[in-house]
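What follows is a short report on a single structure.
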Amino acid sequence: MRLTFWDPFREMAMMQKALDSAFGTPRITYPPIEVTDKDEIITVKAILPGVDKSTLDLTVLGDSLTISGEKNPSITEGITYIRRERPYGKFRKLVDLPYNVDQDKITATYSNGILTVTLPKAESAKPRQIAVE
């Protein structure tokens, strides 16, 4: 028997994804990410320019990665914005992974505004050869 935890944020994200696909409106949420799978290692890259790495929080639960943090606005005293499209504030992004990962071997680096998370496949998720007797 496998014990799973209920994550209301994941449920809301799945509902939003279902609504988006039903109405044909794909949304890109902040931060934009890229997920690749090569040689049983998932790599997640998130573009986070201007984010202080001390605000980043990464959590892995089962087959989900949550990236959260905060991007502070630049100092704006004495400035009137005519247009402002650069996002700031708190963010949270849920990334569904194609399989469970080995939580003890996860690594994360942050350089030049790009967060790179490397998630190796868990032994329990790898195919296992079974000998027939």
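The condition (being of a type outside the set (D, E, K, R), in a loop (DSSP other than H, G, I, E, B), touching a helix residue (DSSP H, G or I) at 6+ places or on another chain (Cβ under 9 Å) and surrounded by 10 or more Cβ atoms within 10 Å (Cβ to Cβ)) is satisfied by just one residue among TYR30, TYR99: TYR99.
Report yes if THR107 is modelled with pLDDT of 95 or more, surrounded by 12 or more Cβ atoms within 10 Å (Cβ to Cβ) and more than 26 Å from TRP6 (Cβ to Cβ), otherwise no. Considered against the rule, which asks whether it is modelled with pLDDT of 95 or more, surrounded by 12 or more Cβ atoms within 10 Å (Cβ to Cβ) and more than 26 Å from TRP6 (Cβ to Cβ), THR107 comes out as no. Sub-7 Å Cβ pairs linking a first residue in the stretch 114-131 that is closer than 27 Å to LEU58 by Cα to a second residue that is part of a helix (DSSP H, G or I), at least 6 apart or interchain, are PRO120/LYS105, ordered by first then second residue.
Looking for something without any contact (Cβ under 8 Å) to a residue 12 or more places away in the chain, assigned to a loop (DSSP other than H, G, I, E, B) and open to solvent by 60 Å² or more (accessible area, probe 1.4 Å) - is there at least one such residue anywhere in the stretch 6-13? So far as the stretch 6-13 goes, yes, one or more of its residues are without any contact (Cβ under 8 Å) to a residue 12 or more places away in the chain, assigned to a loop (DSSP other than H, G, I, E, B) and open to solvent by 60 Å² or more (accessible area, probe 1.4 Å). Of the listed requirements (1) more than 20 Å from SER124 (Cβ to Cβ); (2) within 15 Å of the chain's Cα centre (by Cα); (3) at pLDDT below 95; (4) not hydroxyl-bearing (Ser, Thr, Tyr), ASP57 misses just one: (3). Is it the case that the stretch 79-92 has a residue that's within 30 Å of GLU123 (Cβ to Cβ) and of a type in the set (Ser, Thr, Tyr)? Scanning the stretch 79-92, I find no residue that is within 30 Å of GLU123 (Cβ to Cβ) and of a type in the set (Ser, Thr, Tyr), so the answer is no. Among what's in the stretch 70-96 and is part of a strand (DSSP E or B) and out of contact with any Lys or Arg (no Cβ under 9 Å at 6 or more places or on another chain), pick the residue that is most open to solvent (accessible area, probe 1.4 Å). Top of the filtered list is ARG92.
The values are calculated or read from the model by the stated rules, or taken from the named source; none is laboratory data. Because the structure is a prediction, the values reported are computed rather than measured. Glycine gets a Cβ as well: all are built from the backbone with ideal geometry, and neighbour counts include every protein chain shown. Calculation scope for accessible area: heavy atoms of the full protein, side chains included, ligands and nucleic acids excluded. Shrake-Rupley method; radii C 1.70, N 1.55, O 1.52, S 1.80 Å.
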